[in-house]
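The values are calculated or read from the model by the stated rules, or taken from the named source; none is laboratory data. Remember, predicted model here, so these are calculated numbers, not experimental data. Cβ atoms come from the backbone with ideal geometry, glycine included; neighbour counts cover every protein chain shown.
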């Protein structure tokens, strides 16, 4: 694998635009679980919880969810969403998929994308960017296209919102 710099979300084409985003990176197989665990821990720290994934998925997939329809409606409808993404148990709604796929060269492609919601894009990006920076600091190469719109994630991935929806993930 050659070293390439993955630009942080804020410096990417989708950064700061409030659109559901996705990030595609490749890491050595020995570091894949550490990277995924770091992203999941960053999301869990901001209130995301594990959700169910469809049975029989070919790749290793994690689904993390936060918020509810009620919380999303109350925070958005009252205008509080402009100030806060969470008040007590109420939160804006979002769903994130983290998918690992082995590559032919022995690396692992990891796709993290929002499959539902867009208001929490900055919080999702912070978790992914922290995991990327953490792995890079230890000298592990992290390469790939980086940040993009979630709908631009490869269509055969469960991290693509359309594919996720067709498989019952939301």
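Taking first residues from the range 30-47 that are on the phi > 0 side of the Ramachandran plot and free of Cβ contacts under 8 Å to residues at least 60 places away in the same chain and partners that are surrounded by 15 or more Cβ atoms within 10 Å (Cβ to Cβ) and in a helix (DSSP H, G or I), the Cβ contacts under 9 Å between residues at least 6 apart in sequence or on separate chains come to 47/123.
Can you tell me how many residues in the range 116-126 are surrounded by fewer than 24 Cβ atoms within 10 Å (Cβ to Cβ) and touching a strand residue (DSSP E or B) at 6+ places or on another chain (Cβ under 6 Å)?
3
Which of the residues spanning the range 18-39 are closer than 17 Å to residue 145 by Cβ and surrounded by fewer than 18 Cβ atoms within 10 Å (Cβ to Cβ)? Once the filter is applied, which keeps residues that are closer than 17 Å to residue 145 by Cβ and surrounded by fewer than 18 Cβ atoms within 10 Å (Cβ to Cβ), the range 18-39 yields only 19.
Assessment of the range 44-54 against the conditions (in contact with a helix residue (DSSP H, G or I) (Cβ under 7 Å, 6 or more places away or on another chain) and either modelled with pLDDT under 85 or assigned to a helix (DSSP H, G or I) (or both)) yields no matching residue. Residues in the range 102-115 that are in contact (Cβ under 8 Å) with a residue 24 or more places away in the chain, surrounded by fewer than 20 Cβ atoms within 10 Å (Cβ to Cβ) and at negative phi were compared, and the one that is nearest to the chain's Cα centre (by Cα) is 109. All conditions but one from (1) farther than 13 Å from residue 20 by Cβ; (2) surrounded by fewer than 21 Cβ atoms within 10 Å (Cβ to Cβ); (3) touching a residue at least 24 places away in the same chain (Cβ under 8 Å) apply to residue 129; the one that does not is (2).
Is it the case that some residue within the range 135-151 is touching a helix residue (DSSP H, G or I) at 6+ places or on another chain (Cβ under 6 Å), over 26 Å from residue 55 (Cα atoms) and part of a helix (DSSP H, G or I)? Yes, there is a match, as at least one residue in the range 135-151 is touching a helix residue (DSSP H, G or I) at 6+ places or on another chain (Cβ under 6 Å), over 26 Å from residue 55 (Cα atoms) and part of a helix (DSSP H, G or I). Evaluated against (1) over 22 Å from residue 33 (Cβ atoms); (2) modelled with pLDDT under 95; (3) surrounded by fewer than 20 Cβ atoms within 10 Å (Cβ to Cβ), residue 71 falls short on exactly one condition, (3). Of the residues making up the range 147-168, those that are in contact (Cβ under 8 Å) with a residue 60 or more places away in the chain, farther than 21 Å from residue 129 by Cα and surrounded by fewer than 22 Cβ atoms within 10 Å (Cβ to Cβ) are 167, 168.
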